[in-house]
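Take a look at the structure below.
The values are calculated or read from the model by the stated rules, or taken from the named source; none is laboratory data. Note that this is a predicted model, so its numbers are computed, not measured. Using ideal geometry, Cβ is built from the backbone for each residue, glycine included, and neighbour counts are taken over all protein chains shown. In case anyone asks, the SASA skips ligands and DNA or RNA and just uses the protein heavy atoms, side chains included. Shrake-Rupley method; radii C 1.70, N 1.55, O 1.52, S 1.80 Å.
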Amino acid sequence: MTSQTHTGPTAHFSEVAVIPEPGDNCAVASRTLDAGTMIIDKDRRFPLAHRVMEGHRFVVALVTAGEPLLSWNTPFATALRDLRPGDYVCTRPVLDALSSREVPGLPAEPSAQNVPLDPYRLDETRLLIGDQVPPVEQPRTFSGFARSNGTVGTRNHVVIVGVTSRSGAFATELAKRLADRHPATDGFDGVVAVAHTEAGEDTRPNNADFVLAVLAGTLVHPNIGAVLLVDEPGAVLTSKDINFFMQAHGYPAVIAPCATFNRHGGFEDDLAEAAATVESWLPGVTSAVRTEQPVSQLKIALQCGGSDAFSGLSANPLAGAVGREVIRNGGIACLAETDELIAAEGYVLKNVRSVDVARRFLAAVQSFKERVSWHGHTTEDNPSGGNIYRGLVNISLKSLGAARKLDRAVRLDDVINYGELFPRPGYVFMDSPGNDLESVAGQVASGSNLIFFTTGNGSITNFPFVPTLKFVTTTRRYQLLSHEMDVNAGRYLDGEDFDRLTSETFEQTLRVASGERTAGELAGHSQVSIWRNWKQTGPRQGISITIDGRLNRRLDELPADERDAELPGLPLTVDLELPEAPAQTIRLYRAERGHAPEQTALVLPTSLCSGQIAARLAEQAAAEDWTAGRTTRAVALPHTEGCGVSAGANVVTFARTMVGYLAHPNVRLALLLEHGCEKTHNDFFRQELIAAELDPERFGWASIQLDGGIEASGQRVRDWFSTRALGLAVPDREDRPLGDLSIAIDARGPVSDVVGRTFARIGGWIVRAGGTVVVPATSGLLSNAGFLAALGFRAGGIRPTIAHGQRPARPGWHVMRMPTTDWLETATGLGATGAQSALVHVVGGTLPGHRFLPVLQVSTDRDTAAAHAADLDATLDPSIDEAAAEGLRVVADAASGRIRPKADRSGNVGFQLTRGLLGASM
């Protein structure tokens, strides 16, 4: 109450705020409210002490210092001082996050602190072992694809599966070409790829069973009309491993036409051979017809991403209610994202089928906590920048809202592992990370044939062969992104009847299951990400988390290689005797700083969710020449990072790598495209650029969510490149010395003494002329006696001079720290160092190229040359003199634009970011 005359704005409580449940002492602002706004709530009035952003909470009852702040009658924070109605609820991490985005009107000090995430204590004597919701009297039907094993698909796709990341580029290119030749029809939904980032290293990954579960689930999925598995020579996982996994875990027989294609020849020849196999199946696949099927055959994946404070008030309850109706019809609804249910265990376990189900759920939570603790993290790392910006200020609030995808009337029936097949109808929880895409892949592998994706910010992600219905939380956000969203759950907040909205959405679900296209399908983009590998397999001194949730040691106290700290960047001191370099004509473009082989237009997605849109925009920019000849090509770098992953060292590496590409001399124009709700949003990168002493005004900025969707943000991107290009001259090449080059060198497969000495000589010529040569720490060259002897080192005597993706401080010989043996992760790190191309010796097969870094593949091995001549950029003579001269010529020709790597020309390219030693999915 206040007796002072109020001259500022006033607002009725019911029009500007929502209380999640009666008894809560905090309300959620349904629109941004300025400081001083007088809130009128029936017979009382109180002013807001500070600006309260939409989705953020303010106090509605007196709370004394030390008392809990409540939402859904559950503590999510503790008052740091006595709080009065109208006080803004904010913690120190929230103030820091919002200040970094230059949000105005924030208080100087926090009013609350997060509640400790104490382990949930299960009282089995009070556990409700109840009934499931009663079945409907008249079960409904939908029109689906009946399979011979009794399952039913909601779609009918041909799928090309890259078994590991090594075959991902091949699978993607094959699916793209086949989709162009064989577009979707009424009974055929097209050819798509399942290409992912996993199992690309030289040893079996810790997440191998997760990878195999997703691929096994794909083979038996009812939305698959036919499937081709693509194996790559030398991969640590193959289709045989999938077969062994399926036998060991009792999978049903694969009923769709299925074959394995083993890569064995040139990329183009292999594409033609694999295409012929797939095309032989198409008459049978495309003849499939939909028939009426019971709703008991629907299996709904319940997923959320880009959540906000209204997710638990509108979209999640609505998705849960529709899932309830599917269960009443005999179907399945599946909840996931383990770390996003921590602090909501009591609600999830309100009604369970058995004590064992409750125990298994809590065991999954505990296992997840332990795994991330091995990497130095807690689940408090989970909320993304978009979550915090939109009011989900800690994991407690995020979990309490996420759990509302489990309807109050519904019983938890089963708990399954990641990607494990559904055991029976009912409500199922699947163990998975909070990373949306990684979690969805597991739910699909378990058998989900429809996805409900709830979002507050407006996430646009889709899965290749399972339709995604997107539920958005507020009408305002739905209107902003109407072309990307399917269901406006905000209508409930606007006053519409919840039961009527549930019925309407259930009917929409049946139409989509029967073939009606979702917004995501109409937009035509999708991606797959499997629960990514983790490096630590148990507690380690100085890294694991203590019981109170704090790090045993600060990040800056960990060993430099574990936190990937930057190194001085000074070159190796090398004693190398060299003959004169063969004369080479090198013609480079004048760049903003020095000279470079290319002048690209770069569209850089700030996170995984904007990656596919960035790739499409780069293709359009190239096809339509948005820069009117002022750039030599357009490039996008889609990836899997920036959200749904732990903080700390891996974010440091990620940011350094991304900034390395923005600052690369081969880049003439660059624009950052954010999804809008990620951890590493545009404001994050503005700060990173300033820290790197780069002017943010040099770059373009666009946001899929905040600019109004895919089409609107795409137009913004087009306009920026077109406008900026007007002030630039058409680039022209000029003669330059060898010392202007910066290259990477590597060797994959056995490395002979000749190869080692050859590469030492090529690199030596460039360094002697004043250039830079970077070798990854995992390269076979660094264990080759010939290479080491040529440089004057003993085995094990070379240490990294730069961190992963770090730009050298001075030209010369450098070794880049490399936490994995994955080739694409290696190439991505090398490109970020400023390398203009990579010269790689290969034996036994060729590698995928890189989206940005030209990868020149050569070999002295006769068998490799005979089998893969079509993909090699040069076959080197077995003599050092001839091989070194030819290798240098290839580098010079590529730098001068006289040749283009064959992998680039064929579309056999990729891009992948490392998570280092301490990254973990969350």
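Dipole of segment 141-287 (Lys/Arg Cβ +1, Asp/Glu Cβ -1, origin at the Cα centre): which of A146, F261, A235 lies farthest to the positive side?
A146
Could you tell me which of the pairs K350/K405; K405/K470; K240/K299; K398/K679 are separated by over 24 angstrom between their Cα atoms in the structure shown?
K240/K299
Before rounding to the nearest 500, sum -39500 (n - 2.57) across all DSSP H runs of length at least 4 in the chain and divide by the residue total; then give [θ] at 222 nm in deg cm²/dmol.
-9000 deg cm²/dmol
Given the whole protein assembly as supplied and a 1.4 Å probe, what does the accessible area of C258 come to in Å², nearest 10?
Rounded to the nearest 10, the figure is 60 Å².
Under a Cβ-Cβ cut-off of 10 Å, what is the net charge of the residues other than E102 that fall near it, where Lys and Arg count +1 and Asp and Glu count -1?
Net of charged neighbours comes to +1.
Rounded, prolate or oblate: pick one for segment 103-213, where a ≥ b ≥ c are the square roots of the eigenvalues of its C-alpha gyration tensor, a/c under 1.5 means rounded, and failing that, prolate if a/b is larger than b/c, else oblate.
The shape class here is oblate.
Quick one: grab the alpha carbon gyration tensor of segment 573-707, order the square roots of its eigenvalues as a ≥ b ≥ c, and give me rounded if a/c is under 1.5, else prolate or oblate depending on whether a/b is larger than b/c.
Oblate shape, in that a/c is at least 1.5 and b/c is the bigger or equal ratio.
With a 10 Å radius around each residue's Cβ, average the other Cβ atoms per peptide and rank 461-472, 432-443, highest first.
Taking the mean over residues of other Cβ atoms within 10 Å, the ranking is 432-443, 461-472.
Zone of I255 (label point 7 Å along Cα→Cβ, backbone N under 20 Å): which residues in segment 434-463?
Backbone N within reach: 444-450.
So if I place +1 on the C-beta of Lys and Arg and -1 on the C-beta of Asp and Glu, and nothing else carries charge, what would the dipole magnitude of segment 487-535 be about its Cα centre? I want it in debye, nearest 20.
520 debye
Less than 12 Å apart at the alpha-carbon level, and either on another chain or at least 8 residues along: which aspartates and glutamates does that give for K902?
Within the straight-line limit of under 12 Å, K902 reaches these aspartates and glutamates: E268, D871, D873.
First measure r as the distance between the Cβ atoms of S14 and A583, then evaluate 1/(1 + (r/R0)^6) with R0 = 56 Å and state the FRET efficiency to the nearest 0.05.
Working from the Cβ atoms, E equals 0.10.
Take every Cα-Cα distance within the chain, group them into 10 Å bins from 0 onward, and report for each bin the whole-number percent of pairs it holds.
2, 12, 21, 24, 20, 12, 6, 2, 0, 0
Counting Lys and Arg as +1 and Asp and Glu as -1, each charge on the Cβ, what is the dipole of the chain about the Cα centre in debye, to the nearest 20?
620 debye
Order of 163-176, 729-742 by packing, highest average Cβ count within 10 Å first?
163-176, 729-742
About its Cα centre, what dipole magnitude does segment 643-737 give when the only charges are +1 on Lys and Arg Cβ and -1 on Asp and Glu Cβ, stated in debye to the nearest 20?
With only Lys, Arg, Asp and Glu charged at Cβ, the dipole is about 140 debye.
Not counting ligands, DNA or RNA, and with a 1.4 Å probe, what is E67's accessible surface area in Å² rounded to the nearest 10?
Accessible area of E67: about 80 Å².
Using the Cβ atoms and a cut-off under 14 Å, what net charge is assigned to the surroundings of L694, where Lys and Arg are +1 and Asp and Glu are -1?
Around L694, the charge tally is 0.
Could you rank the peptides 641-647, 234-240 by their average count of other C-beta atoms within 10 Å per residue, with the highest value first?
641-647, 234-240
Residues of segment 730-808: accessible area per residue at 1.4 Å, in Å²?
Counting only protein heavy atoms, the per-residue value for segment 730-808 is 36 Å².
Normalised radius of gyration for segment 735-780, please: alpha carbon Rg relative to 2.2 N^0.38 Å, two decimal places.
My calculation over the Cα atoms of segment 735-780 gives 1.22.
Among rounded, prolate and oblate, which fits segment 641-720 when a ≥ b ≥ c are the square roots of the eigenvalues of its C-alpha gyration tensor, a/c under 1.5 means rounded, and a/b larger than b/c means prolate?
Oblate.
Quick one: accessible surface of H249, probe radius 1.4 Å, all protein chains present, in square angstrom to the nearest 10.
That residue has around 110 Å² of solvent-accessible surface.
Rounded to the nearest percent, how much of the accessible area of the chain (1.4 Å probe, protein heavy atoms only) is carbon and sulfur?
Answer for the chain: carbon and sulfur cover 49 percent of the accessible area.
Taking 0.36 nm per residue of separation and subtracting the Cα-Cα distance, what length does fully extending E137 through A692 add?
193.3 nm
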